[in-house]
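Take a look at the structure below.
No lab work stands behind these numbers, since they all come straight from the coordinates. Since this is a predicted model, take the numbers as computed values, not measurements. Cβ placement follows ideal geometry from the backbone for every residue including glycine, while neighbour counts extend to all protein chains displayed.
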Amino acid sequence: MTLKHSYILLVFSFIILACKNPDPNKQIDEGKIENNTYVSQEVGWRMEIPEGWDIVTLEETNASNEVGFDVIEDMVDGEIDLSEFKNLLSFKKNQFNLFSSSSERFIETYENEWEENNIALKELISDAYTGQGIKSTSTDIMTETIDGIKFSVYEFSIYGPDNNIILNQLAYSALINGYDFAANINYNNEDDKNEMLNAFKNSTFKKPKSKG
């Protein structure tokens, strides 16, 4: 089974560095940001960025990815290949309220391979938190449709020492045009959650051309 990496890296993306007014198109590995709108040609995804939110720099994103990589590298068999992994749109309000997304080439070698990996990934995330001494709970995997694309959706809640929730992580993922696409919403209040979630749910996706 081929482990996809997109979301396991995104779950640790609340580690933030400081950088002011970056050129937005230098902060992504694929796609283009213009007039506060992001477009990925590979995934066929278009999303408007909410007003008043800051683009996350690649420096920040790569630092977050490093943390995620360090956590999981001893938890999986074999070498982890991130050569196909790409950072897409990421923006933040502050350290705890952040939207991040990524893509990774994923070609199924058998039916339902992507779905199996998605289930295994959720279990791996839970094990990673447990291994770090972090208490977490999660929802079941559900299905939600956005602009005709069916997403697998689940949510983790992270608890502090006083047993109160300090962070929620809402994960969307789908196999689109041969890419494992992942979007993650970190939040600690409903207002910021809803602003990010509404922006994502208003996304549009270019449908693959039918054959024949």
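Can you tell me which of 179-186, 44-51 comes out highest on packing, and rank the rest after it, using the mean Cβ neighbours within 10 Å?
On the way: 179-186: 25.6, 44-51: 17.5.
Going from most to least packed, we get 179-186, 44-51.
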Over the stretch 103-212, volume per residue of the alpha carbon convex hull, in Å³:
113
Place the peptides 54-60, 130-136 in order of packing, highest mean first, counting for every residue the other Cβ atoms within 10 Å and averaging per peptide.
54-60, 130-136
Only sites in a loop by DSSP and with at most 11 other Cβ atoms within 10 Å count here; which GluC sites (Glu not before Pro) in the stretch 74-164 make the cut?
GLU79, GLU111
Which of the pairs LYS26/LYS150; LYS122/LYS201; LYS32/LYS135 have their Cα atoms more than 26 Å apart in this structure?
LYS26/LYS150; LYS32/LYS135
